[in-house]
Structure formats: structure tokens, C-alpha cells
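A short worksheet on the structure shown next.
The values are calculated or read from the model by the stated rules, or taken from the named source; none is laboratory data. What you are looking at is a predicted structure, and each value in this text was computed from that prediction instead of being measured. Here the Cβ positions follow ideal geometry from the backbone for every residue, glycine too, while neighbour counts run over all protein chains shown. Just so you know, the surface numbers come from the protein's heavy atoms only, side chains and all, with ligands and any DNA or RNA stripped out. Shrake-Rupley method; radii C 1.70, N 1.55, O 1.52, S 1.80 Å.
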Amino acid sequence: MAEAAAPSDERGGRDLDPRVFDSPEFQRDPFPIYKALRDHHPVYHDRFHNRWILSRYWDVDGAFQDNESFDRAMYKPDGPYKFGTNHVFGPNILEYGNSDEHRRLRNIVAGQFVGQKLNDFLPMIDQISHEVIDRFIDDGEVEIVSQFSSQVPIRVISNMLGLPREDENTFVGWYQDLIAGLGFGGEYFARGLKARNDMWDYIDPMIEERSKNPGEDLLSRICVAELNGSRMTPEEIKGFVALLLAAGGDTTDKAIANMWYHLMYTRPDQYPDVRDNPNLWENVFTEMMRYDPVVHAQFRFTTREVQIHDKVIPERAGVILYLGAGNRDERAFNDPDTFDIHREDLHMRRENRSGRYKDGKNGHLGFGIGQHFCMGYAMARQESAIACRMLAERVKNIRPKFTEHDGVTAPNIDSGGFRAPSELWLEFDR
Amino acid sequence: MKVVIDREKCFMSGECYYNHPELFKMGEEGYPEILIEDVTDEEHLRHAREAIEVCPAVAISLTE
């Protein structure tokens, strides 16, 4: 329970000071607060930040499934707000709610990240992983975040888009600034906008070229895709590209770093299992996505009054769905605070958008559920597992360089700040 | 035309009901339920064909 909490309220539960959500303690370790929310305030009205919070597994799942009551869009599509004007990516799919337009936009690219289309890209993921590892393999040590995890995914997505390989280092810089511009205001937003504009200048001639002579790459596909009989505008195409670079890069980047962190610090006793059976990297991915996923919170707006348990959330209220809290719910998982790659009560294989599985087990909530379920889920899983396996196979006796570690953290979790270690130094033999 | 779901093949990915709520909804345990018994409308047929295309389990078909 948080230090900031007062003794108790009239219902016998602990009172919760909403200012705790802004504290460094919460950014570092939100789990005690999550438990207090689940146990005492399953439908919490945070009057200080003017929002509501859901934290139990089945309540979060229920809100993700209920498109009639919960919408992701902040603005109405037919209102005065011009989409893209206040977003660092420009106009993009994330700004759309549960509309037909969202479904059509999503379907232009969603099919590219699953099934055979994805399989075709796996050799390229192997190759890029090896190239990145080659750069540090002779050093005997690696800082995972800057030298490995942040290097692989951005190179993979820019390759899928068909951008020139010699410019990859430039994209890495742009994407880091774009990501910082997502969660923060001020200079971060300004730097994000500059990166976006530089990237747009770079990509404009490519859009023109590929609209005329489309190839097999993802950028060509986006350029020629038709919505209601017409192609997207260059602004919309560029918004899409910014989204794919950032969302396809940063989340997987942090997933890889988290996987190594947990095997090196949280459960070093389970690393030998994974080393000896590389198929278990998929379990590491799945359990990481439950135990402490990259994204902990999703935001929704109610479209009507919603009754959950004994509370009523009013219409047009902002609601945080703490999937990071739902994943630790004792109502869904046994011993939820233990990281265990052999966990038997978690669906370990590929995720379903429905959150329902034939094995009858519960899945993690780390990709969301339903209408806005992560469309890169299959790719994130494959890419993370492949990159981790490649590194594990090329080193011996990999171990933490320092005994102490600050752990996984988030700079600003409420604005969608992604959780990962800020640094992760490992040593190895060859 | 009738939309048929093979429940043996279906692994409840949810792609049909999230992409085509005009024709499908989530039913018990996560299997899809079909909302329109006899599909005749051209728009609904388009949804049915697209759902067949996106189903990762190849579990949806259209019959006379």
C-alpha cells in the first residue's frame, strides 16, 4: 500500500490519494497501487485528474469488448476538430475511434503483419539481428537498450516499408524524437515535430514515386490503397508511416529489453531453461507481457452512462483501463506477482484479438483486446523472440554486469509512457 | 446465401466480429454468432466475403 494513502474511507477500504499517480514511486512500482485499486476501488473516480480507473482483469476486458459504451477517440469525426492538427504523427489511425473509417484504415496494413506475409520477412529479421550483434560481439559486454533492443525493430520496419537501408541510422534518430514527442509536451513535442517534418521532407518524393510505380513494399501498399474509392492524401500516408515507424519500433524495442531484464534480474534461475530450449523465448515474451508489459494503460471515453459494480460512470468521462493492473489480478491468475515462464494458467501461444482461447486459459491484456487490439501483435512476438534467441545463441555465460539495477520504469505512465529499463549492461564470453 | 462457421477450425481470433459487426457478434466463450440468417443484401455479401478472407483459421464459408 502506498505511503501516501490515508487510513480508510467509509466503506472500509483504504482511501487513495490520486496525487500518487504522479509520483516517481508509482512510475517505478505501480503494482501496490494497482492492488489497492483492484481490492478497494475497482471503479475509482479520480477527482484530482478528472478521470475514472478500471483495474480488475474482467472489468478491463469488459470495457475493451464494449464498443457501444467506450470509444477511443477524443473527438467526434463530424465535429470541428481537424484530425491530425494536434498529434505529433499528423493524421493517423490512433485518432480514430470505433468508426468504419478506422476499420478500413486498419485493414490496409493489418494483414501485412501476420501469416505468410510475416513469414516472408522472418529471414530479414534474422539478418538484421546478426548485423546488430556483429557490432558488439567482440566487446564482451553490451548495453542492451542502446546497442541492441533499440537497433533491431526500427531497422526491420523501415525495411518492410522499403526505405533505403543506408538511411536506417537517420530513421533511428527521427523515431526516438517522435516517441519522446508522444508522451511529453514542451521541447519534446517541438523536437518530435521537427523530426516529423524532416522525415516528411525525406519521404515526400518517395510517396510520389511509389504512387506512380508501386512495388511490393508496405509504403507502396499504403500509397495505392483505396478508401471509399479514393487514395489517401500525402498527409494521411505520412501519418501512417510515422505511426508504423514509431509504434512498430519503440514497443518491440522495449519488449526485448524487458525480456532480458527479467531473465537476468527477476528470474535468473529460468535463463538456463531458455538457453537450452530457445522455443521458450515465446513464453518469456508472453509472461513479460503479463507481468509488466510495455504499455500499462489505455484510455477510453464513455459514450453513455455505464454501470460497473455499484458505480455509475457518466457519459463523456475519461476512463483509464489499467491492463498492467488487470494482468496482476488474483481473480485471473494464481500467484500473479511471480514471474514464471512455465506458468500453467496463462495462454502462452499467439494472442487472439478476442482474448478468448480454446485451451480455456486467460491471456495477458498487454496488446489490448477487441477493436483496437495491437495490429502488430504477431510481428512483435516473432521479432522479439527471434532477436533474443539470436543473441543468446551467439554468446556464452551471459550475465548482468552490475549486481544492482534500478529496474523497469516509465517516465510518464499515464500519457502512454512505455515501461522498460533505461539501461541494461550485460557481460558475456564467446 | 448462408454464412457457416466451422467450430472445429475456429480458434476465436475475433477477426470476423471486430471487422464486420454488421454480420457477426461475439457469442458464448468467444465463438462468433451470425446476426443475419439469410444473406442477400450485396453490402452484407461483401462483408461475408471479406470476413472469409481475413479469417486466420479458414473457418468461415458461404453456402447456398
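The condition (being open to solvent by less than 30 Å² (accessible area, probe 1.4 Å), of a type in the set (Asp, Glu) and in a helix (DSSP H, G or I)) is satisfied by just one residue among A:Glu168, A:Glu209: A:Glu168.
Take the conditions (1) away from chain B (no Cβ under 12 Å); (2) assigned to a loop (DSSP other than H, G, I, E, B); A:Leu321 misses just one of them, which is (2).
For region A:131-154, does any single residue satisfy the condition of being in a helix (DSSP H, G or I), of a type in the set (A, V, I, L, M, F, W, C) and over 30 Å from A:Asp429 (Cα atoms)? No; the residues of region A:131-154 include none that is in a helix (DSSP H, G or I), of a type in the set (A, V, I, L, M, F, W, C) and over 30 Å from A:Asp429 (Cα atoms). Suppose we keep only residues that are open to solvent by 70 Å² or more (accessible area, probe 1.4 Å) and not charged (D, E, K, R) within region B:12-40. Which one would you say is farthest from A:Trp58 (Cα to Cα)? Only one residue tops the list, namely B:Thr40.
Reported count of residues in region A:347-378, each being more than 14 Å from chain B (Cβ to nearest Cβ) and either surrounded by fewer than 22 Cβ atoms within 10 Å (Cβ to Cβ) or within 12 Å of A:Phe285 (Cα to Cα) (or both), is 3. Taking every residue in region B:1-26 that is within 7 Å of chain A (Cβ to nearest Cβ) and pairing it with any residue that is part of a strand (DSSP E or B), at least 6 positions away or on another chain, the pairs with Cβ-Cβ distances below 9 Å are B:Met12/B:Met26; B:Met12/B:Pro32; B:Gly14/B:Met26; B:Gly14/B:Pro32; B:Tyr18/B:Phe24; B:Tyr18/B:Met26; B:Met26/B:Pro32; B:Met26/B:Glu33. Does any residue of region B:29-45 turn out to be aliphatic (A, V, I, L, M), within 13 Å of chain A (Cβ to nearest Cβ) and closer than 20 Å to A:Arg356 by Cα? The answer is no; no qualifying residue exists.
Looking at region A:244-276, which of its residues are within 17 Å of A:Asp177 (Cα to Cα), among the hydroxyl-bearing types (Ser, Thr, Tyr) and open to solvent by 20 Å² or more (accessible area, probe 1.4 Å)? Scanning region A:244-276 gives a single hit, A:Thr251. Between A:Gly90, A:Gly97, A:Gly12, the distinction of being at pLDDT below 95 and open to solvent by 40 Å² or more (accessible area, probe 1.4 Å) belongs to A:Gly12 only. Restricted to helices (runs of 4 or more DSSP H) entirely inside region A:231-291, those with at least 2 residues that are under 29 Å from A:Lys35 (Cβ atoms), touching an Asp or Glu at 6+ places or on another chain (Cβ under 9 Å) and touching a residue at least 12 places away in the same chain (Cβ under 8 Å) are A:234-261, A:281-291.
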